[in-house]
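Down below is the structure, laid out as C-alpha cells.
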Amino acid sequence: MSTRSKAVPVSALPRPIDLTYPSNRAALLGTVVFGAATLLLGRSWRQALGVSGTALLGWATARELDPDFPLSATLALGLAGAAGLGQTERGNPHTAPAVLPGFAALSAVRILSATVGHPVSPQDAAALSVQAGVAALSGARTSALLPASALALSGTQDTLRPEAAWSAPAALGAGLLPALKRQTGNKHQAAQERPRQMYGDLLSLASLSLTRQITAPERPDSRCDQVPIRVSASRLQASRALSLGALALGLLRRESSSLLPLAAACLGTGLRRSLELQEQDGAAKR
C-alpha cells in the first residue's frame, strides 16, 4: 500500500538568527548585557526579561525595516534597551516593558516587508490573529491592529499576498477584542500600574520627525531569506509608512510604551538614512 506524503507548508513568519554573522552575535550579546544591567540596577527578573526582550525586538524589527544595514538594527537595539530600562522603576513590577505587543508589531512588519520570501499561509494568518488577540487583551490596541493592517496592505502588493481571503478580517476581529483590565478603585494604585510613557513618547516623536527620510524611496539590495528574490522596494516603503502611522496612533492613544521596539527600529532607520542623505548631498555639492 502506498502512502502519499504531504509537503510541509512553508511560512512567511520565522527568521532564525544566523550566528555566523558578527552583527547577529553582537545583537545577542547586547540583549544579555541589557538584561544583566537591569538586574544590577536592582530591578526584578521580570523587568530584566522585559528590557532584554524589548532590546532584541527592537533589533529584529529594524532588520525588517532596513534589511541592508545592520547599523540601523544596532542603533535600534541600544535605543530600545535604554528606553526599556528607563521605563522600569525599582520595586514596581508593573513598569516592566511589555514584550508581547512587540511580537505582534514585528510579525506585522515582517509579513509586509516579505523578507522571508513566502506568501502568508493560512497557518501564518492564524498565528497573526492570535498575536493580535493577545495584544488586544493586554490593552495594546495599536499593536493589536498592526497585523490586520499589514495583511490588508500585503494583499494589494504582489504575488506574495496572503493565500487566505479571510486573513485580514480574522486578524482585525482578534485585534478588536476587549482588553482585560483589573478594576481598581485606588487612583494612586492605578497610576502605579500604568507604565511610564515618556520614553516611548520621545522615541516615537523622534521617529516621526524623520518621516521624510524614513519614507523616501529606497531600493534594497538584500535578498529574501528562503527564496532567491530581492526584497521589494514598494513593500519596504509600505512597511515603514505603516510603522510610522502606528507610532502616531500610539501617541494619540497613550500607548507608546508598548511600541518601544517599533519606535526604536524606526528611529534607527531614520538616523541611518539621514546620515546617508547628508553624505549624498555633500557629494553632490562637491
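The values are calculated or read from the model by the stated rules, or taken from the named source; none is laboratory data. None of these values were measured; they are calculated from a predicted model. Cβ: placed from backbone, ideal geometry, glycine included. Neighbour counts: every protein chain shown. For accessibility, only protein heavy atoms count, side chains too; no ligands or nucleic acids. Shrake-Rupley method; radii C 1.70, N 1.55, O 1.52, S 1.80 Å.
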Selection count where residues are buried (at least 22 other Cβ atoms within 10 Å of the Cβ) and either within 23 Å of R223 (Cβ to Cβ) or among the basic types (K, R) (or both), scope region 120-140: 2
Considering residues of region 143-158 that are surrounded by fewer than 23 Cβ atoms within 10 Å (Cβ to Cβ) and of a type in the set (S, T, Y) only, the residue nearest to L260 (Cα to Cα): S149
Lone qualifier among A238, A206, A191, A174 - being at pLDDT below 95 and either out of contact with any Phe, Trp or Tyr (no Cβ under 8 Å at 6 or more places or on another chain) or assigned to a helix (DSSP H, G or I) (or both): A191
For P147: the one exception among (1) in a loop (DSSP other than H, G, I, E, B); (2) farther than 23 Å from Y199 by Cα: (1)
Residues located in region 17-64, provided they are of a type in the set (K, R), farther than 27 Å from E89 by Cβ and crowded, with 16+ Cβ neighbours inside 10 Å: R63
Qualifying residue in region 66-74 (condition: of a type in the set (S, T, Y), open to solvent by less than 10 Å² (accessible area, probe 1.4 Å) and either more than 20 Å from A238 (Cα to Cα) or in a helix (DSSP H, G or I) (or both)): yes
Breaking point among (1) touching an Asp or Glu at 6+ places or on another chain (Cβ under 7 Å); (2) assigned to a helix (DSSP H, G or I); (3) open to solvent by less than 20 Å² (accessible area, probe 1.4 Å), for L112: (1)
Residues of region 159-173 classified as open to solvent by 20 Å² or more (accessible area, probe 1.4 Å) and either farther than 18 Å from S11 by Cβ or touching a Leu at 6+ places or on another chain (Cβ under 7 Å) (or both), total: 6
